[in-house]
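As structure tokens, the structure follows; a few thoughts come after it.
Bear in mind that the values in this text are calculations on the coordinates, not laboratory data. As the structure is a prediction and not an experimental result, all values here were calculated from the model. We place every Cβ from the backbone using ideal geometry, glycine too, and count neighbours over all the protein chains shown.
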Amino acid sequence: MNAKVLILCLLPLQVMAQGFAGLGTDAEGFAVPQPNPTFNFPTDHGPHPDYRIEWWYLTANLTAEDGTPYGLQWTLFRSALAPEQGDGWQAPQLWMGHAAVTTPDTHYVTERLARGGIGQAGVTADPFAAWIDEWTLQGDWNTLQMTASGPDFAYDMTLTAQGPLIFHGDAGYSVKSAAGQASYYYSQPFFTIKGTLQLPNGDIPVTGNAWLDREWSSQPLSDNQTGWDWFSLSFDDGNKLMGFRLQQTDGNNYTSATWITPDGQTTAYPDGAFSAAPLDTHNTAGRDVPIRWQVQLPAKDVNVTVEAINPDAWMATSIPYWEGPVTVTGSHAGQGYLEMTGYE
Amino acid sequence: MTAATLQALLSHWWRNPLQLFTLLAGLALATALWSGVQAVNAEARASYDAAAATLGEGQYDRLARRDGQPMDQSTYITLRRAGWLVSPVVQGRLNGVRIIGVDPLTAPGGIGPVNINEDTDIGGFFTGPGQLFANAETAGQLPDLNVQITPETAPGTALTDIGVAQRLLGKDGQIDSLIILPRQPLNRPDLVEIAPQLIRQQAQGGSDIGRLTDSFHLNLTAFGLLSFAVGIFIVHGAIGLAFEQRRPVVRTLRALGLPLRRLILLMGAELMLFALIAGAIGVALGYVIAALLLPDVAATLRGLYGADVSGTLQLRPVWWLSGLAIALGGTALAASGALYKLSRMPLLAAAQPRALAMAAGRRAKLQGIAAAFLLSLSAILMFTANGLIGGFSLLGSLLIGAALALPLILDRILAGTSAVAKSVTAQWFWADTRQQLPGLSLALMALLLAMAANVGVSTMVSSFRLTFTDFLDQRLASELYISTEDDAQTATFLAYAAPIVEAILPIQSVDTDIAGQPTQVFGARDNRTYRENWTFLQSSDNPWDTTFAGDTILINEQLSRRADLTIGDTIQLQDQSFTVAGVYGDYGNPIGQALINEDQFERLYPDITPTRFGLRMDPATVPEFVASLEADTGIPASQTINQAGIKALSLQIFERTFTVTTALNILTLAVAGFAILMSLLTLATMRVPQLAPAWAMGMTRAQLGKLELLRAVLLAVLTAVIALPLGLALAWALLAVVNVAAFGWELPMYLFPYDYARLGLFALLAAALAALWPARRLARTPPADLLKVFSNER
């Protein structure tokens, strides 16, 4: 049995039965997000082991000195087998790290898995440090150091926050379905990023913008939801848009969005205000994936085309998905990141 | 036309059911022995492969502590956090089961051969009381644990999560070794910077156990092949006889216009059909043989090599295929001559009575030339063969050459005895025996091969046993062995025993690696035990003096061969370099071994404290000492092992080996006996015209029957006399050529006259038993049948 099958079996991740990545509906004794949350920092930057699933999810749009665009991803997932705690190898926490670098023609990706409780992977809130093996994301959230490496790439980055934390949905309580499934969800979309990509052809100094998402829940998807398409877009005028579309088995979608002004003011939009429609698909890793989208938020006069910089940014990891940098054209110009799940 | 022809051809078998039976039974027996042995081998190999897959043994490099001790779990975390992709392994024994703990998230192969289905309680595997995977046999040894039955797991092994294994084995926070994953990330620091106490052990090509046991399996295979050859002789005889007898039918069919091509095709198809039927029966029989043999083989392999082999047989498709293939191949081989002759036969060649005997006579010359050629070839190979192919060519040419020569030699002998016989009855007896020789020669060849194979393999196995027990005498020289539980008990024991016994020899070792080979290094105390008992394959002057002075190291043959180390080479252990002063034989040990002086050992590996000791004392005082040790210090007798007990255990292992060998011996002899029986039965009816005149001249039927029995025994004796030197030559080829090529050890050859005599007796018994029924039938032939011979007198 390979690790992949194992992961699929044991992180509660049966895609078919439970929605993508096991983000299903059954909380089974885990804590459940409640409306009107009060966040407490830096504690809430750390893990919440009584919730089933949690992530520290960083994406960045980078530019080299010659103008070549790059994408970068650093993600740490936590998944709990049981709400009870345990020590050492008995701890029911499993960790999964994904790191990727996307160039216009190549997508480098690597994955790490680890058990909680033995020190191989984890997150501490104060001082903040998230790690799995030698990969780290650590600092005080004003400045973060970030490293990751794989067999064919590595990076070493410094992140500097230029704005406040952003809370999605109702002050960080992000509803995911008409049935009321929800997660706690906040972001830091105002990082500038600077560092070096180590690729097979040599080291490349890069600069750009990064977006760090924090989300935790125990049952964020409803029974009839199978995956999502998530957009984080940074427009040239300084405004930002986070929007997602949850795919339902009945063919409809549940959507949600947050409009972020350059000074960090937010407006949350309920289901239906935001829309995203595929314009074109691309066959990658044996499946058709939409790589050009019509994205609209009429309330802000947004009507843009979002297009993948590298259509083959497929994450061939234990739980496969598509994640890569995009360009934005139309009513607003800019760049951003696109994540698409449930296309297995 | 085709249907009618088939009917005509097949009707021969209906009229001669005994021939059909001989053909099918011979082929089935041959296939059974072959596939049975193959099944045993395949099962053992599957077990090794499962073991290799379980741990990724031999596939991945590993990290282990230089001193062979378990490392702290924090070392694992340090390595991972430095970018070394390694996966931890803990192992140990519980109730005789090898418990292997892995971390499925980081292990390169997950949890080895175990398939987890949807019902598997994954949460239970990682957390809570834990879950183990083992085959049914092993699961029975772990009654108190939550064991899921997974047939793919290596026998004697239970797989579980590393956390569970640490708890079960009392190794909390400890890791035995780290598997190094093949793909490592960039920018990884050197090992010495982060974990200087660890060394990298190179992956071995193929599993060690597999290589080690190759020789054993090779010998089994040789046995199976010889048995098959014996069976093919029977089949060849049956087919030859049937074809000769069917000459009139063939003539008639061809005269009626049946094309030769179609006739050959039909006869070939007929035989292939028989081969398939007999092959299927043979494979099924082989399964039974294998199922009966396997527990003993498994016990032998476990005892000799420490290889865990499943004692239960699984039906593998590959045996069916190989069994049927060899039955078809064997039939084709046995029938090719007959079919060729048929294709060359003049259309109207008369069907001749006693065709077989006549044909045999015509063939005699050719056979003699072939025998001479093959025997000369084997003589040349004896001096030149040095590889496996050469070894098997030698075996093949020797055996077939001798088998072909047998009828000619017997014929010469009988001609001689016939000439010196005085009484009329004796003269008739010898002449009649000689007359019968062509009809019996195939059966006698089978007997010759069976006996030679038995002599050869028994000699090899017994020689191995003698060498091995001698070796045990050397290595288990101390009268008593004791294991202590902790330092306090060690101190108590040493204080108590020192004034009583002649010498205390600590047995202390570390697992390390020398020149990339996994090796156990022992620290030995200067004592006559070593100086007097150990023998060297090669050594410098006074190897013990220099080794006990701390300057040199002694290594076993395995390490010497694998690492290409010889006298005068240098070996580095920690910061100290040693010169190799001696290479000693170390039979049955799968890994390298080296021996240095106790003081040096203690300096290089200060963490190791001995917990096992050998005691030299008067053997007669051992029981008394054990009793008083328990009474005075509370160290129980269960912590001591009497040397006599270890030797008894070793001999028990060899008894198992002998059980296997004896079983195969008896089976091959049974096949040969069967061949004799069938030949005699076939000849019986044809011989009535020859016996009738003897009866008419006043010999009673009982006398004729007794002479018939005597003849079979006599021929068996003559065959046995020829088989003995042939078998010894075979043993020599197995030990000196095949074993060396396969294994790298040359074992000295010993002779076992008593065994040979017993074997000869068995062969005579087989021949007598085989002749008993035909002789009784002859003695009871109705006088009317004998009289009929004269009524048809031409």
Please state the relative contact order of region B:60-202 as a whole percent: Cα pairs under 8 Å, 6+ residues apart? 42 percent
Here the convex hull volume per residue of region B:137-205, taken over Cα atoms and given in Å³, is 160 Å³
Quick calc: nm separation of the 7 Å Cα→Cβ label points for A:D250 and B:A757 -> 9.7 nm
Partner chain Cβ atoms within 10 Å, averaged over the residues of A:132-139 - can you pull that number for me? 3
Label B:N642 and B:Y750 with points 7 Å out from Cα along Cα→Cβ: what is the distance between them in nm? 2.3 nm
With both bridge residues required to lie in region B:475-643, what share of the DSSP beta bridges run antiparallel, to the nearest 5%? 70 percent
Ellipsoid equivalent to region B:475-643 - semi-axes via the Cα gyration tensor, in Å: 31, 16, 14
Peptides B:6-12, B:75-81: what's the order by average Cβ count within 10 Å, highest mean first? B:75-81, B:6-12
Chain A, helix-only ellipticity at 222 nm - DSSP H runs n ≥ 4, -39,500 (n - 2.57), divided by all residues, nearest 500: -1000 deg cm²/dmol
DSSP-defined antiparallel bridges as percent of all bridges, region B:60-202, nearest 5: 70 percent
Rounded, prolate or oblate (a/c below 1.5 giving rounded, otherwise prolate when a/b exceeds b/c) for region B:475-515 by Cα gyration tensor: oblate
On a full-extension model of 0.36 nm per residue, what is the gain between B:D545 and B:A372, subtracting their alpha-carbon distance, rounded to one decimal in nm? 56.7 nm
What distance in nm separates the two pseudo spin-label positions at B:T621 and B:W773, each 7 Å out from Cα along the beta-carbon direction? 6.6 nm
From Cα pairs below 8 angstrom and at least 6 apart in sequence, can you work out the relative contact order of region B:475-643, rounded to a whole percent? 37 percent
From the backbone phi of region A:118-128, what are the Karplus-calculated ³J(HN,Hα) couplings (6.51 cos²θ - 1.76 cosθ + 1.60, θ = phi - 60°) in whole Hz, Gly and Pro given as x? 10, x, 6, 8, x, 9, 10, 8, 9, x, 6
Gained length - B:Q538 relative to B:I380, 0.36 nm times residue gap less alpha-carbon distance: 53.9 nm
Radius of gyration and maximum dimension Dmax of region B:60-202, Cα, Å: 15.6, 48
Based on the Cα atoms of chain A, what semi-axes does the equivalent ellipsoid have, where each is the square root of 5 times one gyration tensor eigenvalue, given in whole Å with the largest first? 27, 24, 21
For a quick check: sort B:E630, B:E244 by the number of other beta carbons within 10 angstrom, fewest at the front. B:E630, B:E244
Förster-model FRET efficiency, 22 Å R0, A:E307 and A:T63, C-beta, rounded to 0.05: 0.85
For region A:157-204, shape from the Cα gyration tensor axes a ≥ b ≥ c, cut at a/c of 1.5 then a/b versus b/c, turns out oblate
